[in-house]
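The next block holds one structure in the form of structure tokens; read it before the comments.
FYI, it's all coordinate maths here, none of it is from the lab. It should be emphasised that the depicted structure is a prediction, and the values quoted were computed from it without experimental measurement. Glycine also receives a Cβ, built like all others from the backbone with ideal geometry; neighbour counts cover every protein chain displayed.
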Amino acid sequence: MLEARLPSAVTLKKIIDAVKELVQDANFDCNDSGIALQAMDSSHVALVALLMRAEGFDPYRCDRNIALGINFATLAKVMKCAGNDDNLTIKAGEDADVLSLMFESTNSDRISEFDIKLMDVDADHLGIPETDYSATIKMPSAEFQRICRDLSVMSETVTIEAVKDAVKFIASGDTGSGSITVKPNQAVDKKDMEVTVTLQEPVKLAFSLKYLNHFAKASTLAGSVTLSLSDDVPLMI
Amino acid sequence: GGEQKSLLSFFARK
């Protein structure tokens, strides 16, 4: 039996909005520590790893481990029906075949209830191996989203070059090329506006902007984003 | 650029 109540639906709305572009059908693995999602996109190029800790819900109850097979396009449509400030309760009974979602407006004058059919998703057991990255860049997430959007006008591929005191995003295509250089700015007043480049050794790697733009949709969830890069391993965002 | 290689084996838990 799972019953979890989120004080404001906006958090789950943003999460689903960011993930739905990448993940078709996947399991929400629920246990007493929270709700986890580990899933790849259909072409197995990107992995989404998400953990919604039990502490973020109030109350949170999960009697035994349960895997909820969900079609994320359907869940995204249902989440569109929730107001940002509604409180949201998700429920799934023993051997449930539906996930129930309830949105309650702040003054409880409107209660919406949706059931979405659960499906059997045979999931590969996935995880991100512990990696000691050559370069780790921390920067404002909105700025990263802006860079990915801006450089998409020039190319489908962006080269990220991390050197001692700067990170450079370069895109070159048939029509021309563009580059954006971001420099560290320690000691800023707002933590989220900080830019730091931690370097074990310089790296210069190319990535698909299609996927980076999908990942950047999660920018509204956190003010700061960390990019971790090393040769021959996937970029971690 | 071009087609991306599958990362399933990289992320698959042994």
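Overview of values
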read-out	value
Cross-chain or 6+ apart pairs with Cβ under 8 Å, segment A:119-131 first and in contact (Cβ under 8 Å) with a residue 24 or more places away in the chain and farther than 7 Å from B:A12 by Cα, then among the aromatic types (F, W, Y) and loosely packed, with under 10 Cβ neighbours inside 10 Å	none
Segment A:72-89: number of residues that are buried (at least 20 other Cβ atoms within 10 Å of the Cβ) and farther than 20 Å from A:L221 by Cα	0
Condition met for A:I137 (under 23 Å from the mean Cα position of the chain (by Cα), farther than 19 Å from A:R61 by Cα, surrounded by fewer than 18 Cβ atoms within 10 Å (Cβ to Cβ) and in contact (Cβ under 8 Å) with a residue 12 or more places away in the chain)	no
Selection count where residues are surrounded by 14 or more Cβ atoms within 10 Å (Cβ to Cβ) and out of contact with any Phe, Trp or Tyr (no Cβ under 8 Å at 6 or more places or on another chain), scope segment A:167-195	13
Count of residues meeting criterion [surrounded by fewer than 18 Cβ atoms within 10 Å (Cβ to Cβ), away from chain B (no Cβ under 14 Å) and within 19 Å of A:A49 (Cβ to Cβ)] in segment A:90-134	2
So A:I160, is it in contact with a Ser or Thr (Cβ under 7 Å, 6 or more places away or on another chain) and either assigned to a strand (DSSP E or B) or small (G, A, S) (or both)	no
When residues of segment A:1-47 are limited to those that are of a type in the set (D, E) and part of a strand (DSSP E or B), the one farthest from A:D95 (Cα to Cα)	A:D25
Residue within segment A:178-186 that is in a loop (DSSP other than H, G, I, E, B), touching a residue at least 24 places away in the same chain (Cβ under 8 Å) and over 26 Å from A:Q38 (Cα atoms) present	no
Only one of A:C81, A:C62 that is away from chain B (no Cβ under 14 Å), more than 18 Å from A:L2 (Cβ to Cβ) and over 15 Å from the mean Cα position of the chain (by Cα)	A:C81
Sole exception among (1) assigned to a strand (DSSP E or B); (2) crowded, with 16+ Cβ neighbours inside 10 Å for A:L51, by number	(2)
When residues of segment A:140-155 are limited to those that are under 19 Å from A:L227 (Cβ atoms) and surrounded by fewer than 19 Cβ atoms within 10 Å (Cβ to Cβ), the one farthest from the other protein chains (Cβ to nearest Cβ)	A:A142
Residue count, segment A:19-30 (criterion: in contact with a strand residue (DSSP E or B) (Cβ under 6 Å, 6 or more places away or on another chain) and more than 21 Å from A:T220 (Cα to Cα))	6
Of all residues in segment A:208-234 being within 11 Å of chain B (Cβ to nearest Cβ) and not hydroxyl-bearing (S, T, Y), the one that is surrounded by the most Cβ atoms within 10 Å (Cβ to Cβ)	A:L209
Output for segment A:156-185, where each listed residue is within 12 Å of chain B (Cβ to nearest Cβ), among the hydroxyl-bearing types (S, T, Y) and more than 24 Å from the chain's Cα centre (by Cα)	A:S172
